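The values are calculated or read from the model by the stated rules, or taken from the named source; none is laboratory data. Computed from a prediction, not measured in an experiment: that's the story for all the values here. Note that we place each Cβ from the backbone using ideal geometry, even for glycine, and neighbour counts take in every protein chain shown.
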Amino acid sequence: MKNQGFFSDLKKYRALLLMLTPAVLFFLLFAYVPMAGIVLAFKQFNYQGGIFGSPWNGLENFRFFMESGDAWRVTRNTALYNIAFIIVNNLLQIVTAILLFEVAGKWFRKVTQTVLFLPYFISWVVVGAIAYNLFNYDVGTLNVMLRSIGLGPIDIYNTAAYWPLILIVVSAWKALGYGSIMYLAAITSIDTEMYEAAEIDGANIFQRILKITVPNLMPTVIILFLLAIGNIFRGDFGMFYNMVGNNGLLFSSTDVIDTYVFRSLTTSNEIGMSAAAGFYQSILGFATILLANYAVRKYDKDRALF
Amino acid sequence: MSATTANPGRFDPEIRAGKGKGKSSDRLLLAIIGYTLLTILALFCIFPFILIISSSFTEESSIIEHGFTIIPTQFSLEAYSILFKYPADMLKAYGVTISVTLIGTAVGLFLTSMTAYVLSRKDFKWRNHFSFFFFFTTLFSGGLVPWYLMIVNYLQLKDTLVVLIVPMLMNVFYIIVMKSFMSSIPEAITESAKIDGASDFLIFLKLIIPLSKPALATIGLFIALAYWNDWYHALLFISKSDLMPLQYYLYRLLGNMDGMRKAMMESGAAINLEIPTESLKMAMTIVATGPILIAYPFIQRFFVQGLTIGAVKG
Amino acid sequence: MKQTKKTVTLLLTVFLVLATLLSACGGGKNAAENGGSANAGQGNSGANSTESTDTIDISKEVKLKMLLVGGKPVDYEEVFGELNKLLKEKINATVEAEFLDWSDWTQKYPLKFAANEDFDIAYTANWAFYNDQAIRGGFLELTEEMLAKYTPKTWEALPAAAWDQAKVSGKVYMVPQNSNEVVDKVVLIREDLRKKYNLEPVNSPETYAAYLKTIAANEKGMNAFGAKPGDGWKWHELDEVLLEQQNNWKVVDPNVPFAFKMDDPSGKVFNVYDTPEFTELLKYYKDLVDNGVWSKNVISYKNDVWQDMKAGKFASRAQNLGTLAFNVAEQRRDKPEYEMAVVDLTPDKMKSAAVSTQNGMAIHATSKNPERALMLIDLLQNDKEIHDLTMYGIVGKHYEPVGDDQFTPGPSSTNYTGFSNWGWNSLLNRTDTTYPKEADEMLNQWQEHVYHYPLETFVFDDSKVKNEVSNLGNVMLRYAIPLEYGLIQDIEKGQADLIKQLQAAGIDKVGAEMQSQVDAFLAAQK
């Protein structure tokens, strides 16, 4: 009986299933099959044995990370930075998108949109170089300016405390154009009849934004939040590495899992050890997303990811 | 929801602002806040870019001495002349990037939206299962080695144009964002078409695609940018010089110098080299971004158009 | 949630099935290849023991593939075309090189082995994961018989010590370079500025400090010393001079802070950071910092030290002799208004010979033609004609030979350079005529004072303490670098902190492992 139901479902959804086939195949080939490589985290890799034939070595590959005494610090840093990025970036992007949508001048809107997108194109290497140029102690633009108005220079590259703020600002700056375009698209998809109704009710523009635009953006916000939360334990290596580099004085507040593992493995290049670190990040991310998705499901079944 | 007549202007805030009865003070306040804030943000975004442009035209020794400046302290085209030392290679690289971007965006956008549509169908029993199936891949990955083996040894895609396109065709992030956009399309529209006997694929093609233009424009832009900026796949899989995309071509120019400096130190080898690295970095940014910036107003026109036509229902 | 659980189960099942499938075919494939290569190896030695004559069967033409590091030179086709004509004649083979760019070779190199791509020869070096690759089974073991038979010239030319250094757990996996270089580090100074301030000639740590402090005090807009710790080097750039050479120490492996005294026959290794010499050096560095000798932001410095020095922003840097000599040559050509000099701060100390494994060539474990590949390496390193061609390019175009051992760069010399043809460095190498004479003289003088110490060929195998070594590296970058560059105010506390962190990272375990390896090495030598 149950099987029959399954087969009749199969028939009923055959068109939809067919439409899904390319994507399913794609992810099988490029994600699921290679995923078998997770076993490397538990192996002492050698070329003769390859992925499956290399000898097992239990949790040996995890030791460098777990026993370093830094695991907790860098894990916490990674999560805190990502939470800050999610909140700050999305808030700023939403405000920007709403303003872009509401502000009248067509020409102004177009130019602003383009300009806000510029940072997206600047590679982290170049961002790092510019930051060094602005912030360095001896000849950095910022310190030259401070000295010229009689204030003492700030030693940014030797002071860990400034860096969370710098990194949050830089991250928001770089993602602004990209993210606000997404929200702009979401705003344009809102049914105008709602606006018209609100206008007839005599709501002013701020009330309209708060009562209609923002609630209608919530599904997008929730989806983006859920997508981001699964990767909360993965640091943006390009950003942290190019901004902070190997400056040990800043590590207490800037070291994330990815930079830490990179530094540990530059000399050994051990495939199993990097697989182990990746697996650790995956497990934590998986647990977090299951929790978050569960919470969202409780609140609204349709908004959940799965 | 009944099919309303096309009204291309209804989403254009300009027109809507005009329609608003009287110039109320709240609109004025919003305009002040909007213009001010957006201008400040825009300045933050444009300032570094001006630095980059200026530095790319500055003599290297002058950058070393004065740092990056808004106006070139000592004008020089040296960085560009290094970049365009082999103009044929550079043109080829542009060609590869442009074709990869065009093909990849077209195919990728189609597959992404088709997948997203199925997942957005509330009557599709297994949509959550499949969503999970896709999403799961963003959490767990087998790492570089097995993925590389898959592409090189099993699919034999090394040194082909395909390898620059196929592995990036679909991205879970885009699928899910697209799905969330499509979920907001009222079910009533597809219901009526279904009753008329249209197949699922036809509904997707004829109804959903035109209704999702804002989302298509956005995701299409994202896919295109991803292809345009990609150098990693080329790094791993391309060794033939006529298949090198622009970003990888540039990346190598710079990376080779840095890498060689380190190697020289450790191997004890000594090579004479002298390259304007700072200005070159900047010139590379311009060369890689320039075409996109020139094309952007046109993309934007399509984008804005997409938004207005998005209002057309039925 | 229930549904999710079902999905997870389903996924896991699919995943496991796929994994088993893959493992079945993947494993089978690898095993077959593995067997093949092992057989090939045995076949060689077997053939060798039966055949006593030197005849090698080269009747079948083979195509060899060679993995090199570095950007593909513009005139690759031309030079390698010439090379192939010669090779066809000499060993009935042709070679094709694949270049892994400097920008990404660390990622690609291991992947080529993991995917078992088709190549016969690969560049390798102690700093390019030679040990790891060998332990992981990437290279073919080179037995004495094989080397004697297929690389006869190299076998004869290379001193036994060079082969010993190339051993990983007692087996040779590379044909190392043949170099009589001496590797002491030296410093580059601005001789014109030294004269301007009437300073004593710089030839010791004390005179150097005086030079640096004078510059720092008097030259505005100039840093007396330039370094780039951000590159990831785990030591102060002057440590090799002021800590190792000055005290006649030798650091075993730059990734862990252990050294031994060169003249200590017992080969006792000790933690460098826990010595009075290091404490003294910290004071020396702190004194320099307090006098403003280097930038406060030195750790985040992002530019190129030499470019800045050439632009007059730095007055000194430390590097190996070869690099600095080239710097001097470049300065004489482009900046004649300056006068730079290479100086040795430890002229009376023991000099040590270069490590042979700093550059070398290895055979891929699954090469189908290891014999011909070895013959090629032999020619590259020790056949004058082929060595000249592959090192310097084509006469009249890339270089002009001057006598037997010198050359001048040709009109398009830059079109054939910049990749790891150093893998076959040998005594046939020519020197550039623009190379400063005094640097050559310095080298010659050093060569007379080379000290051969018992642990000269010892190589530390870190495979048993990988986790600890990784963590020690992290501690060195995080605590030792800022301390040495004088960014920590209280150096006493900083040093204590550093030692404490090293202990937490497992330095004792690494030390014990290293000592036991050293002891075993010394015992075997007797």
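A quick yes/no check of all residues on (1) crowded, with 23+ Cβ neighbours inside 10 Å; (2) in contact with a Ser or Thr (Cβ under 9 Å, 6 or more places away or on another chain); (3) farther than 20 Å from residue A:271 by Cβ:
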| site | (1), (2), (3) |
| --- | --- |
| B:110 | no, no, yes |
| B:113 | yes, yes, yes |
| B:121 | no, yes, yes |
| B:129 | no, yes, yes |
| B:134 | yes, yes, yes |
| B:138 | no, no, yes |
| B:152 | no, no, no |
| B:157 | no, no, yes |
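Looking only at the range C:208-239, count every residue that is among the β-branched types (Val, Ile, Thr) and either closer than 30 Å to residue C:470 by Cβ or touching a residue at least 40 places away in the same chain (Cβ under 8 Å) (or both) and tell me the total. Give the steps one after another, and end with the answer.
Let us first name the residues in the range C:208-239 that are among the β-branched types (Val, Ile, Thr), namely C:214-215.
Within this subset, residues satisfying the condition of being either closer than 30 Å to residue C:470 by Cβ or touching a residue at least 40 places away in the same chain (Cβ under 8 Å) (or both) are C:215.
Summing the residues that are among the β-branched types (Val, Ile, Thr) and either closer than 30 Å to residue C:470 by Cβ or touching a residue at least 40 places away in the same chain (Cβ under 8 Å) (or both) in the range C:208-239 gives 1.
Which residue is farthest from residue B:295 (Cα to Cα), if the candidates are limited to the range A:110-139 and must be facing chain B (nearest Cβ under 8 Å) and of a type outside the set (A, V, I, L, M, F, W, C)?
In this case the residue turns out to be A:133.
Is there a residue being without any contact (Cβ under 8 Å) to a residue 24 or more places away in the chain, away from chain A (no Cβ under 12 Å) and either closer than 24 Å to residue C:280 by Cβ or in a loop (DSSP other than H, G, I, E, B) (or both) anywhere in the range C:443-457?
Taking the range C:443-457 first, the residues without any contact (Cβ under 8 Å) to a residue 24 or more places away in the chain are C:444-445, C:448.
After this cut, where a residue has to be away from chain A (no Cβ under 12 Å) as well, the list is C:444-445, C:448.
If we keep only those that are either closer than 24 Å to residue C:280 by Cβ or in a loop (DSSP other than H, G, I, E, B) (or both) as well, we get none.
No; the residues of the range C:443-457 include none that is without any contact (Cβ under 8 Å) to a residue 24 or more places away in the chain, away from chain A (no Cβ under 12 Å) and either closer than 24 Å to residue C:280 by Cβ or in a loop (DSSP other than H, G, I, E, B) (or both).
With modelled with pLDDT under 90, over 30 Å from the mean Cα position of the chain (by Cα) and facing chain B (nearest Cβ under 8 Å) as the only criterion, which of A:181, A:223, A:205, A:200 stands out?
The conditions single out A:205.
From the list A:275, A:295, A:228, A:304, pick out the single residue that is over 17 Å from the mean Cα position of the chain (by Cα), more than 9 Å from every other protein chain (Cβ to nearest Cβ) and aliphatic (A, V, I, L, M).
Working: A:275 fails: more than 9 Å from every other protein chain (Cβ to nearest Cβ); A:228 fails: over 17 Å from the mean Cα position of the chain (by Cα); A:304 fails: more than 9 Å from every other protein chain (Cβ to nearest Cβ).
Among A:275, A:295, A:228, A:304, only A:295 is over 17 Å from the mean Cα position of the chain (by Cα), more than 9 Å from every other protein chain (Cβ to nearest Cβ) and aliphatic (A, V, I, L, M).
Is the range A:242-259 home to any residue that is surrounded by fewer than 21 Cβ atoms within 10 Å (Cβ to Cβ), in the same structural domain as residue A:86 (by TED's automatic domain parsing) and among the aromatic types (Phe, Trp, Tyr)?
no
Please list, ordered by residue number, the helices (runs of 4 or more DSSP H) wholly in the range A:211-257 having 1 or more residues that are under 30 Å from residue A:132 (Cβ atoms), touching a residue at least 60 places away in the same chain (Cβ under 8 Å) and β-branched (Val, Ile, Thr). Break it down stepwise before answering.
Numbers: elements: A:214-229, A:237-244, A:251-254.
Counting at least 1 such residues, we get A:237-244, A:251-254.
Regarding residue A:284, is this residue at pLDDT 95 or above and either more than 7 Å from every other protein chain (Cβ to nearest Cβ) or surrounded by fewer than 23 Cβ atoms within 10 Å (Cβ to Cβ) (or both)? Steps first, answer last, please.
Numbers: at pLDDT 95 or above: yes; either more than 7 Å from every other protein chain (Cβ to nearest Cβ) or surrounded by fewer than 23 Cβ atoms within 10 Å (Cβ to Cβ) (or both): yes.
Taking the combined requirement at face value, the residue satisfies it.
Mind checking which residues of the range C:286-308 are part of a helix (DSSP H, G or I) and either touching a strand residue (DSSP E or B) at 6+ places or on another chain (Cβ under 9 Å) or touching a residue at least 40 places away in the same chain (Cβ under 8 Å) (or both)?
Taking the range C:286-308 as the starting set, the residues that turn out to be part of a helix (DSSP H, G or I) are C:286-290, C:298-300, C:305-308.
Listed by number, the residues that qualify are C:286, C:287, C:288, C:289, C:290, C:298, C:299, C:300, C:305, C:306, C:308.
For the subset of the range A:262-271 comprising residues that are at the interface with another protein chain (Cβ under 9 Å from one of its Cβ atoms) and assigned to a helix (DSSP H, G or I), which member is nearest to residue B:143 (Cα to Cα)? Lay out the reasoning, then the answer.
The first filter runs over the range A:262-271 and keeps only residues at the interface with another protein chain (Cβ under 9 Å from one of its Cβ atoms), leaving A:263-271.
Among the residues that remain, those that are also assigned to a helix (DSSP H, G or I) are: A:263-265, A:271.
Details: A:263: 18, A:264: 17, A:265: 15, A:271: 9 Å.
So, considering only residues that are at the interface with another protein chain (Cβ under 9 Å from one of its Cβ atoms) and assigned to a helix (DSSP H, G or I), the one nearest to residue B:143 (Cα to Cα) is A:271.
Only one residue in A:132, A:120 is under 25 Å from the mean Cα position of the chain (by Cα), in the same structural domain as residue A:208 (by TED's automatic domain parsing) and either closer than 28 Å to residue B:34 by Cβ or touching a residue at least 40 places away in the same chain (Cβ under 8 Å) (or both), so which one is that?
Values: A:132 fails: either closer than 28 Å to residue B:34 by Cβ or touching a residue at least 40 places away in the same chain (Cβ under 8 Å) (or both).
Going through A:132, A:120 in turn, just one is under 25 Å from the mean Cα position of the chain (by Cα), in the same structural domain as residue A:208 (by TED's automatic domain parsing) and either closer than 28 Å to residue B:34 by Cβ or touching a residue at least 40 places away in the same chain (Cβ under 8 Å) (or both): A:120.
Which condition from (1) farther than 29 Å from residue A:132 by Cα; (2) within 12 Å of chain B (Cβ to nearest Cβ); (3) in contact (Cβ under 8 Å) with a residue 40 or more places away in the chain is the one that residue A:290 breaks?
(3)
With the structure loaded, tell me whether residue A:48 is facing chain B (nearest Cβ under 8 Å) and either polar (S, T, N, Q) or in a strand (DSSP E or B) (or both) or whether it fails that test.
Answer is no for this residue.
Conditions first: (1) crowded, with 20+ Cβ neighbours inside 10 Å; (2) more than 9 Å from every other protein chain (Cβ to nearest Cβ). Residue C:292 passes all but one, so which condition is the exception?
(1)
All but one of (1) over 23 Å from residue C:382 (Cα atoms); (2) part of a helix (DSSP H, G or I); (3) touching an Asp or Glu at 6+ places or on another chain (Cβ under 9 Å) hold for residue C:102; state the number of the condition that does not hold.
Going through the list (1) over 23 Å from residue C:382 (Cα atoms); (2) part of a helix (DSSP H, G or I); (3) touching an Asp or Glu at 6+ places or on another chain (Cβ under 9 Å), residue C:102 breaks only (2).
Restricting attention to the range B:119-143, which residues are more than 7 Å from every other protein chain (Cβ to nearest Cβ) and either out of contact with any Lys or Arg (no Cβ under 7 Å at 6 or more places or on another chain) or basic (Lys, Arg) (or both)? Spell out the reasoning first.
Taking the range B:119-143 and keeping what is more than 7 Å from every other protein chain (Cβ to nearest Cβ), we get B:119-120, B:122-123, B:126-127.
Matches in the range B:119-143: B:122, B:123, B:126, B:127.
Just for the range B:163-174: of the residues that are facing chain A (nearest Cβ under 7 Å) and in contact (Cβ under 8 Å) with a residue 40 or more places away in the chain, which one is farthest from residue A:32 (Cα to Cα)? Give the steps one after another, and end with the answer.
At the first step, the residues of the range B:163-174 found to be facing chain A (nearest Cβ under 7 Å) are B:167, B:169-170, B:173.
Next cut, in contact (Cβ under 8 Å) with a residue 40 or more places away in the chain only: B:167, B:169-170.
Working: B:167: 13, B:169: 16, B:170: 14 Å.
The selected residue is B:169.
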